[in-house]
Amino acid sequence: TIWRITADNFDFSCLGAQKKLVTAQNFATLIEILRARATEAVYDNSYHRLRQMLAAAWPLEQETESRGWRRKGPGRVSTEAVTRSDNDIQFTRYSRLRYYLQLHQPELSA
């Protein structure tokens with residue numbers, strides 16, 4: 001069984017007193033707990049190390065959104081924009097490739 005845990009809308013209340021205000025800290029704590037309790041499980045964190053290189057093959061989806069005009073003081077106006085990146089498709093493709101290679105590893109080495 002393969003698990004993929006995303007931080008989007010994840011209920012970190014399972015951490016109890018260890019729960020923090022920042023998602024990144026909660027995620028790190030959750031990983032520690034899972035690794036301590038599931039000692040036979042294989043933990044694959046290779047995506048995090050390779051994500052910049054993967055962008056050459058599978059670019060991140062980016063969306064730029066205009067925030068409109070903003071006043072910066074008397075007589076001064078500026079425009080703002082926000083660019084969001086989404087790695088969901090990139091991660092899905094990478095994880096499927098890893099799974100495929102894992103299933104076919106004996107064939108590849110023969």
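The values are calculated or read from the model by the stated rules, or taken from the named source; none is laboratory data. Just so you know, these numbers come straight off a predicted model, no measurement behind them. Cβ coordinates were reconstructed from backbone atoms using ideal geometry, including for glycine residues, and neighbour counts include every protein chain displayed. The accessibility values were calculated without ligands, DNA or RNA, using every heavy atom of the protein model including side chains. Shrake-Rupley method; radii C 1.70, N 1.55, O 1.52, S 1.80 Å.
The residues of the chain present an accessible area of 88 Å² per residue when probed at 1.4 Å with all protein chains retained. The calculated FRET efficiency for the pair residue 2 and residue 63, based on their C-beta separation and a Förster distance of 25 Å, comes to about 0.30. Counting only the backbone N, which residues of the stretch 49-71 are under 12 Å from the spot 7 Å out from the Cα of residue 81 toward its beta-carbon? What the label zone holds, given the 12 Å backbone N cut-off, is 63-68. Mean-square fluctuations from a GNM of the chain, with a 10 angstrom spring cutoff on Cα atoms, peak among 77, 42, 22 at 77.
Which entry is the computed volume of the Cα convex hull per residue in Å³ for this structure: (i) 113; (ii) 166; (iii) 87? Label of the calculated value: (ii). Of the residues 52, 18, 90, which exhibits the maximal mean-square fluctuation in a Gaussian network model of the chain defined by a 10 Å Cα contact cut-off? Maximum fluctuation in the GNM of the chain, among the listed residues, is at 18. Placing 40, 32 in order of accessible area, with the largest value first and a 1.4 Å probe, yields 40, 32. Heavy-atom surface analysis with a 1.4 Å probe gives the chain a carbon and sulfur content of 51 percent of its accessible area.
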